[in-house]
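S.K.: Provided herewith is a single structure, encoded as structure tokens, for subsequent inquiry.
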Amino acid sequence: MTLAFITSRLRVEEKLLLQELEARGAAFERVDDARLRLDLVPESGEAPWSAAWNRSLAFGRTLYATEALEARGVTCFNSAHVTRTCGDKVLTSLALAAASVPSLRTEVCFTPEAALEAAERFGYPCVLKPVVGSWGRLVARLDTRAAAEAVFEDRAVLGSWQHSVFYVQEYVEKKGRDARVFVVGGEAIAGIWRTSEHWITNTAQGGSVSRCEVGGEIAEVAEAAAAAVGGGILAVDLVETTNGLAALEVNHSGEFRNSIAPTGVDIPGAMVDHVLGSLSNGPILRPMEAVR
Amino acid sequence: MTTLKAQTASCPLCEAAVPVPADVMQGEVLACDDCGAELEVQTIDPLALAEAPEVAEDWGE
């Protein structure tokens, strides 16, 4: 057999998942993505592993490793399609809209001038987000036209090419909180409210956490958002609007260290059960060869 | 959750003794109390620490 558990820097989450894998006697190999060498034009069809669960911190590494492994028939958690869709906010918005999942009004623009027109249409405040990024980094609330002009120019001049892909979004007064719902195998298993006096409620930015009941509309929207990006092991962020819940983003490598205690749910255990359960019904795990 | 055993590693920046948890794993990040550096565990046997890389733009969830 072998399930590859791929990591980079080890977070608390990966340690908990490794403990759960070991507790279940799962045969797996931990793989450091810094050492990966994946043959894109392989001479033989043998893949190094039958399955892979990628928990790397880096979106780029995760995406390309998953693409390369899937091309050789390796079952990946999450899939390359899901990783690509979740890791890029434009693709996430498109997937949510295509599935008619409620989300926020958003425009993508490619010049500061067009981005300013989008901001003027939404009115102030509005929000600029990087298309790739996490933990609330480089998310900017634009309170005035002058602020918008300054931020758009800065991103265009000082940023990488991706910062000139302007993802401009309406601002929602979210009552100081938003919800994170963990959806595993299509089912919303746990949720938290993230509360902060700051308009960014991400726990990486210091937001506090309390239990969120995952029934009714919350479960419905979270599960629909997870399905829209392709399903798997996901963390869906929801915001309350005057029109009901809206999906903000879907994370393919969600962090849950702060969500276990307030929810009382064994989130890493549920994730591991999903992976092992999927594999027991899927491809036969076979001995790995020392191919990296 | 973690317990400390009588094991330390040398900080590669300031050479202070960095306490290492008994259940430490390769890839984990430890902090040096003396200089404040974030240190990544490179190998367990032998125990080796290196300055952890800066957070990259595509890191996250």
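S.K.: Could you tell me which numbered condition residue A:18 fails, if it satisfies all but one of (1) under 30 Å from residue A:244 (Cβ atoms); (2) over 15 Å from the mean Cα position of the chain (by Cα); (3) of a type outside the set (D, E, K, R); (4) not in a loop (DSSP other than H, G, I, E, B)?
M.R.: Tallying (1) under 30 Å from residue A:244 (Cβ atoms); (2) over 15 Å from the mean Cα position of the chain (by Cα); (3) of a type outside the set (D, E, K, R); (4) not in a loop (DSSP other than H, G, I, E, B), residue A:18 fails exactly one: (1).
S.K.: Name every residue in the range A:174-208 that is hydrophobic (A, V, I, L, M, F, W, C), surrounded by 17 or more Cβ atoms within 10 Å (Cβ to Cβ) and out of contact with any Ser or Thr (no Cβ under 8 Å at 6 or more places or on another chain), in order of residue number.
M.R.: A:179, A:181, A:183, A:184, A:188, A:189, A:200
S.K.: Can you tell me how many residues in the range B:36-61 are of a type outside the set (Asp, Glu), exposed (fewer than 14 other Cβ atoms within 10 Å of the Cβ) and either more than 14 Å from chain A (Cβ to nearest Cβ) or touching a Cys at 6+ places or on another chain (Cβ under 7 Å) (or both)?
M.R.: 2
S.K.: Looking at the range B:22-60 only, could you name the residues that are closer than 23 Å to residue A:63 by Cα and part of a loop (DSSP other than H, G, I, E, B)?
M.R.: B:26, B:27, B:28, B:52, B:53, B:54, B:55, B:56, B:57, B:58, B:60
S.K.: Then there is this: Would the range A:163-182 turn up any residue that is part of a helix (DSSP H, G or I) and either in the same structural domain as residue A:68 (by TED's automatic domain parsing) or not β-branched (Val, Ile, Thr) (or both)?
M.R.: Checked the range A:163-182: at least one residue is part of a helix (DSSP H, G or I) and either in the same structural domain as residue A:68 (by TED's automatic domain parsing) or not β-branched (Val, Ile, Thr) (or both).
S.K.: Can you confirm whether the range A:218-229 contains a residue that is crowded, with 17+ Cβ neighbours inside 10 Å and at positive phi?
M.R.: no
S.K.: Would the range A:165-172 turn up any residue that is of a type in the set (A, V, I, L, M, F, W, C), touching a residue at least 24 places away in the same chain (Cβ under 8 Å) and farther than 18 Å from residue A:250 by Cα?
M.R.: The answer is yes, given that some residue of the range A:165-172 is of a type in the set (A, V, I, L, M, F, W, C), touching a residue at least 24 places away in the same chain (Cβ under 8 Å) and farther than 18 Å from residue A:250 by Cα.
S.K.: Can you say whether residue B:29 is aliphatic (A, V, I, L, M) and more than 14 Å from chain A (Cβ to nearest Cβ), as far as the supplied structure shows?
M.R.: Here the answer is no, as residue B:29 does not meet what is asked.
S.K.: Follow-up question, since we're still on this one. Six or more apart or on different chains, Cβ atoms under 7 Å: show the pairs whose first residue is in the range A:36-55 and farther than 20 Å from residue A:21 by Cβ and whose second is open to solvent by 80 Å² or more (accessible area, probe 1.4 Å) and modelled with pLDDT under 95.
M.R.: Note: pairs meeting the criteria are A:37/A:292; A:46/A:289.
S.K.: Hey, another quick one. Is it true that residue A:69 is within 30 Å of residue A:185 (Cβ to Cβ) and assigned by TED's automatic domain parsing to the domain that holds residue A:48?
M.R.: So residue A:69 fits the description; yes.
S.K.: Scan the range A:242-274 residue by residue and report those that are under 22 Å from residue A:135 (Cα atoms), in contact with a strand residue (DSSP E or B) (Cβ under 9 Å, 6 or more places away or on another chain) and not hydrophobic (A, V, I, L, M, F, W, C).
M.R.: A:249, A:251, A:252, A:253, A:254, A:255, A:258, A:259, A:262, A:263
S.K.: Right, next: Any residue in the range A:28-38 that is farther than 21 Å from residue A:254 by Cβ and basic (Lys, Arg)?
M.R.: Scanning the range A:28-38 turns up at least one residue that is farther than 21 Å from residue A:254 by Cβ and basic (Lys, Arg).
S.K.: Here are the criteria: (1) more than 14 Å from chain B (Cβ to nearest Cβ); (2) closer than 25 Å to residue A:204 by Cα; (3) in a helix (DSSP H, G or I); (4) touching a residue at least 24 places away in the same chain (Cβ under 8 Å). Tell me which single one residue A:154 does not satisfy.
M.R.: All conditions pass for residue A:154, except number (4).
S.K.: Within the range A:1-59, how many residues turn out to be open to solvent by less than 20 Å² (accessible area, probe 1.4 Å), of a type in the set (Gly, Ala, Ser) and more than 13 Å from chain B (Cβ to nearest Cβ)?
M.R.: So the count comes out to 5.
The values are calculated or read from the model by the stated rules, or taken from the named source; none is laboratory data. Quick caveat, the model's predicted, so the values are computed rather than measured. Glycine gets a Cβ as well: all are built from the backbone with ideal geometry, and neighbour counts include every protein chain shown. Keep in mind that these areas ignore ligands, DNA and RNA; they rest on the heavy atoms of the full protein, side chains included. Shrake-Rupley method; radii C 1.70, N 1.55, O 1.52, S 1.80 Å.
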